[in-house]
Amino acid sequence: MLFNIRLSVLVALLLAFNPIGVQRASRVSAAETTAPSRPNVVFFFIDDLGWADVGYQGSDFYRTPNIDALAASGLVFTDAYANAPNCAPSRACLLSGQYSPRHGIYTVGDPRRGNDRFRKLEPVENDTVLDDRFVTWAEVLGANNYTLASMGKWHLGADPTKQGFDINIAGREWGSPSGGGYHSPYKYPNLDQPAKGEYLTDRLTDEAIRFIDTNHDKPFALYLTHYAVHTPIQAKADVAARYSALPAGTHQKNAKYAAMVESVDDSVGRVIAKLNELKIADNTVVVFYSDNGGFGGATSNHPLRGAKGMLYEGGIREPLIIRWPGVTKPGSRCDEPVIGVDLYPTFAEMTSSKIADNYELDGLSLVPLLQDPTASLSRDAIFWHFPCYLQGRGDPAGGPFRTTPAAAIRMGDWKLIEWFETGRLELYNLAQDIGESKDLSQSNPAKRDALHARMKQWRSKVSASVPTTPNPKYDPNAKPKRGRQQK
């Protein structure tokens with residue numbers, strides 16, 4: 001109800017003064033669509049932004065007027081998911097269009113996180129670079145004469161230009177602003193600022209606007225993959241001071257984090273303003289999405305359970321907005337479960353770009369949902385496979401981990417989580433219990449077993465490795481100390 005009220009108000013306001021170019025579109029079929037066959041694509045991919053971190057999702061502390069305006073001018077997906085609870089695997093799935101077991105990127109860095117004495121199993125080995133044998137959606141669009149730029153976080157190797165992008169600004173294997181923080185002086189690939197006073201999110205936006213200015217007369221795709229709002233929590237001081245003077249929100253109160261979110265929102269507003277200025281907004285698809293749930297040390301994902309690093313909803317459910325002028329209806333919403341691998345075939349279909357017949361994709365195009373939000377993809381399930389350890393807090397067994405090796409499946413309204421150390425199964429009905437507070441695995445064994453059987457069938461299909469080797473360093477008598485949650 002809160003969502004509907006907020007969104008209806010936003011739609012009314014936007015239709016009145018149209019600050020970012022709201023499109024007055026109605027639902028159309030594929031044959032009737034008025035959208036160009038090769039629209040531009042602007043893809044805002046935000047790092048660690050939680051499902052509840054934006055105004056249109058109910059945040060009463062973070063200010064996101066431009067993101068909210070985009071939501072009111074396009075289609076909001078209420079049940080959108082990342083492919084993993086942390087950065088690198090989520091991005092690898094997004095770029096390759098394939099689930100993690102196919103490319104082997106399961107986590108960030110070492111899968112053996114935490115103290116050796118507390119890990120019962122040896123985790124599955126982890127790759128950190130997306131192999132060249134995977135054809136990215138950037139390569140598919142590039143073959144259709146699109147000019148492509150990656151600006152910001154890459155995290156899948158040394159250089160995104162090896163994976164189909166023509167331009168790389170600030171992208172390396174870094175998962176956080178390791179080549180310099182958010183405040184200059186810093187040095188990133190093709191982005192050097194030796195003087196003090198510049199803020200990274202602003203500078204990436206400057207570069208994005210420059211790219212659009214240069215390439216607006218031909219098809220382009222901009223992958224604006226901000227490092228924000230990943231740790232370190234570094235904001236512009238004046239913006240953070242404003243939030244410090246405000247009353248705390250119901251669940252959110254971190255002033256510096258709020259300021260980082262506002263800088264992301266400013267980026268969205270500035271880029272869309274440039275599309276309007278150049279009169280290409282009607283020919284540009286805009287996508288806004290995040291790679292995993294909000295970091296529990298910086299924000300609250302309420303009403304969702306958990307945070308970044310967990311297979312509970314707070315770790316994997318994301319904000320997703322798509323505005324496709326002439327196709328999406330302003331202020332519309334879609335409750336169909338969708339996931340990161342779906343964007344690859346979506347971009348290909350939107351841009352009339354050809355995917356090689358022998359390249360297998362795990363996702364489905366979202367175009368039918370963009371044309372009709374009440375449609376169905378007729379997909380029985382979506383999956384997660386995370387056979388690794390992440391230290392921190394959140395393990396339901398009370399150990400020193402955010403997650404132990406685990407997997408999950410969503411079928412309709414039902415979600416099952418499997419814990420490989422213990423074999424424990426948890427079952428939730430998300431339509432009735434979005435906060436995953438009531439485990440129904442014992443009261444509904446038939447549904448539990450049906451989801452588990454489907455999960456195992458999928459694992460066999462994609463050759464997903466399940467950790468079974470005992471860790472020789474495990475000490476069942478070791479007592480964990482309670483510490484701060486790790487990023």
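The values are calculated or read from the model by the stated rules, or taken from the named source; none is laboratory data. Every value quoted in this text rests on a predicted model; they were computed, and no experiment measured them. Using ideal geometry, Cβ is built from the backbone for each residue, glycine included, and neighbour counts are taken over all protein chains shown. These accessible areas exclude ligands, DNA and RNA; they are computed on the full protein's heavy atoms, side chains included. Shrake-Rupley method; radii C 1.70, N 1.55, O 1.52, S 1.80 Å.
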Do any trypsin sites (Lys or Arg not before Pro) in the stretch 211-308 lie in a DSSP loop with no more than 10 other beta carbon atoms within 10 Å, and if so, which?
279
Sorted largest first, the C-alpha extents of the stretch 345-436 along its principal axes in whole angstrom are 49, 32, 21
With angles folded into 0 to 90 degrees, how steeply does helix 255-277 sit against the dominant principal axis of the chain? Use alpha carbons for both and round to 10.
40
Could you grab the relative contact order for the stretch 91-149? Cα pairs under 8 Å, six or more apart, rounded to a whole percent.
37
Using +1 at the Cβ of each Lys and Arg and -1 at the Cβ of each Asp and Glu in the stretch 212-338, identify which of 255, 285, 338 lies farthest towards the dipole's positive end.
255
Value at 222 nm in deg cm²/dmol, rounded to 500, when DSSP H runs of n ≥ 4 in the chain each add -39,500 (n - 2.57):
-8000 deg cm²/dmol
Enter the accessible area of residue 277 (Å², nearest 10), with the probe set to 1.4 Å and all protein chains included.
120
Report relative contact order for the stretch 283-435 in percent, whole number only (criteria: Cα-Cα under 8 Å, sequence separation at least 6).
17
Cα gyration tensor of the chain diagonalised, 5x eigenvalues square-rooted, in angstrom largest first, produces semi-axes 33, 26, 24
Ratio of the stretch 312-357's C-alpha Rg to 2.2 N^0.38 Å, to two decimals?
1.40
With no solvent and one equal point scatterer per Cα, compute the Debye intensity ratio I(q)/I(0) for the stretch 110-193 at 0.12, 0.13, 0.16, 0.27 Å⁻¹ and report its log10, rounded to two decimals.
-0.50, -0.56, -0.74, -1.23
XL table 354/461; 236/481; 196/274; 153/236; 308/461; 120/461; Cα-Cα > 23 Å flagged, in table order, is 354/461; 236/481; 196/274; 308/461; 120/461
How much of the calculated P(r) for the stretch 201-244 lies past 11 Å, in percent of all Cα pairs?
73
Debye log10 I(q)/I(0) for the stretch 302-384, one point scatterer per Cα, at q = 0.13, 0.17, 0.26 Å⁻¹
-0.50, -0.82, -1.33
Placed amide H near residue 401: partners under 5 Å, 5+ positions off or other chain:
392, 394, 395
Based on the Cβ-Cβ distance of residue 478 and residue 217, what FRET efficiency does E = 1/(1 + (r/R0)^6) give at R0 = 51 Å, to the nearest 0.05?
0.20
Multiply the residue separation of residue 431 and residue 461 by 0.36 nm, subtract the distance between their alpha-carbon atoms, and state the gained length in nm to one decimal.
8.0 nm
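Could you compute how fast the stretch 217-316 diffuses translationally, taking Rh as the Kirkwood radius over C-alpha pairs and applying Stokes-Einstein at 25 °C with viscosity 0.890 mPa s? Give it in µm² per second. Display every interim value, and only then the final one.
Working: Rh = 15.5 Å.
After rounding, the answer is 158 µm²/s.
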Between 0 and 90 degrees, rounded to the nearest ten: what's the tilt of helix 445-462 against the longest Cα principal axis of the chain?
70
Tell me, what is the percent relative contact order of the chain, built from C-alpha pairs under 8 Å that lie six or more residues apart?
24
